[in-house]
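This report refers to the structure that appears directly beneath it.
Read the figures in this text as sums done on the coordinates, not as results from a lab. This structure is a prediction, so every number in the text was calculated from the model and none was measured. As a convention, Cβ positions derive from the backbone with ideal geometry for all residues, glycine included, and neighbour counts pool all protein chains shown.
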Amino acid sequence: MSSLDQDALVREMTAWRHDLHAHPEFGFEESRTSAFVAQKLREFGLDEIAEGVGGTGVVGTLRRGSGNRAIALRADMDALRITEQGTPAYRSLNSGVMHACGHDGHTAMLLGAAKLLAAEGGFDGTVRFIFQPAEEWGKGALAMLEDGLMRRFPFDEIYGLHNMPGVPVGQFETRPGPIMSAEDNFEVAFRGVGGHASRPHEGREVLIAAAAFVVNLQTIVSRRLSPADIAVVSVTELLTDGTRNALPGFARVLGDARSFRPEVSAAIEREMRVIAEGTARTYNCDVEMTYTREFVPLVNDAEATRAALAAAATVFEPEAIKAEREPMTASEDFARFLDHVPGCFAFIGNGENSPPLHNPEFDFNDAALVHGTRFHVAIARQRLPQA
Ligand SMILES: [Zn+2]
Ligand SMILES: [Zn+2]
């Protein structure tokens, strides 16, 4: 970093991270977390601190010099409804909620960058520190945007980081173009007439229709989309009103679909309707389908990605930078900001032995904090250079 004592800052960020980890809060309930963030930003002496943006979001603003360009750095603050099974000393005190996605680390890294940039500047223009709520729901970024984020705190570019299990600490990965997928949710309900398990011909039971539907859905990706398109269609729940000796008259099939282009998402919905209606006709029952779009694909801007890689080159070893990682079929609502300004989202390693994201034993790797903070500081200084 620079003259600010790096070891002291890392110790401080680690303490913040452990405090946040012990007090996880679910999306739009991050009142303690956002108060913690705002209090730190006040201590660092930011020029402007806005709380309650999009519910529990916080925006800190730091101005230096006379430049009129602004860049935004974004972290997410929410935790998940998962019961922690790891045993760190700073284990979750909020039973049934835990930081299983490392947003405690993302928040601590961005606070570290705010402290360093407030103390030392080294840029000309405006840096917005965006701490968003409810990323896991895919609702927090939209809530901030609908609360006037772009009008009240305008910026020209935005950058964000997520930790990545399985990737060594000190490694940086991104790619231009689509990097994370859309997430669509679907629910298909079959309605017939239930009855005695011994006399199926007297009713119109629906479990056989639901089972056929689940199998036939597998042909969307394998037979109906181009092999060049990446997509996933997963059935995750099948619920009926049947019981051991009674056939169900009602069955719900729920699931989740991922894709990287709106045309592919539209094709999945269209083909799913064809299969649902055809299945209902075949098995003599009624069907109702709802299909919702929860996350849009995250598409990195080519120029912003070049900028992110240039900043990363000052922080990470050349062999630890992957400029063309494969896209991944997970979703991120950072994508919503990219509807308004260009930007880049990147991953930093959380260690090869890290449990996966959303695993009850997951824990953000404190050794990664310094890398994230240094990246945030570098991108701010490079994109807002001093004359
Ligand atoms: Zn997550
Ligand atoms: Zn996450």
Starting from the Cα of GLN386, move 7 Å in the Cα-to-Cβ direction to define the label point; list residues of the stretch 46-74 whose amide nitrogen is under 11 Å from there.
65
Bin all alpha-carbon pair distances of the stretch 260-387 at 5 Å intervals from 0 and give each bin's fraction as a whole percent.
2, 8, 13, 15, 15, 13, 10, 7, 6, 5, 3, 2, 1, 0, 0
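Using 1/(1 + (r/R0)^6) with R0 = 56 angstrom and r between the beta carbons of GLU319 and ASP286, what's the FRET efficiency to the nearest 0.05?
Here the calculated transfer efficiency is 0.45.
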Which residue fluctuates the most in the chain, going by a Gaussian network model with Cα springs under 10 Å, if the choices are ALA189, ALA89, ALA311?
ALA89
Using alpha-carbon coordinates, inclination of helix 207-219 to the longest axis of the chain, degrees
50 degrees
At 7 Å along Cα-to-Cβ for each site, give me the label-to-label distance between ALA211 and ARG199 in nm.
2.2 nm
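Could you work out the percent of alpha carbon pairs in the stretch 4-96 separated by over 22 Å, rounded to a whole number?
Cα-Cα pairs of the stretch 4-96 separated by over 22 Å account for 39 percent.
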Nonlocal amide H pairs with HIS23, under 5 Å, H built at 1.01 Å
LEU93
Roughly how large, in nm² to one decimal, is the mean projection of the convex hull of the alpha-carbon atoms in the chain?
20.8 nm²
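Let me know the longest stretch in the chain that avoids all trypsin sites (Lys or Arg not before Pro) found in a DSSP loop with at most 13 other C-beta atoms within 10 Å.
Answer from the scan: 82-243.
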Cα→Cβ-extended label distance, 7 Å offset, between ARG293 and ARG306, nm
2.9 nm
Apply the Karplus parameterisation 6.51 cos²θ - 1.76 cosθ + 1.60, with θ equal to phi minus 60°, to every residue of the stretch 223-231 and state each ³J(HN,Hα) to the nearest whole Hz, in sequence, with x for glycine and proline.
10, 10, 9, 5, x, 7, 8, 8, 7
Show me the three semi-axes of the equivalent ellipsoid for the stretch 182-295, from the C-alpha gyration tensor (sqrt of 5 times each eigenvalue), largest first, rounded to whole Å.
29, 13, 10
For the stretch 221-301: relative contact order, % (alpha-carbon pairs under 8 angstrom, 6 or more apart)
24 percent
Exposure rule at most 16 other beta-carbon atoms within 10 Å, DSSP loop GluC sites (Glu not before Pro): the chain longest free segment
1-323
Which distance in Å, rounded to a whole number, links the C-alpha centroids of the stretch 215-257 and the stretch 144-159?
38 Å
In order through the stretch 371-386: 3J(HN,Hα) via Karplus (6.51 cos²θ - 1.76 cosθ + 1.60), integer Hz, x for Gly, Pro:
5, x, 5, 5, 5, 4, 5, 5, 5, 4, 5, 6, 7, 10, x, 7
For helix 6-22, report the angle its Cα long axis makes with the longest principal axis of the Cα atoms of the chain; keep it between 0 and 90° and round to the nearest 10°.
30 degrees
For the chain, find the longest principal axis of its Cα atoms and tell me its angle to the long axis of helix 262-282, 0 to 90°, nearest 10.
20 degrees
What FRET efficiency, computed as 1/(1 + (r/R0)^6) with R0 = 41 Å and r the Cβ-Cβ distance, is obtained for SER234 and ASP5, rounded to the nearest 0.05?
0.30
Computed lengthening from ASP339 to SER95, 0.36 nm per intervening residue step minus Cα-Cα distance
84.2 nm
Net +/- balance of residues flanking ARG204 in space, Cβ distance below 14 Å, scoring K and R +1, D and E -1
-1
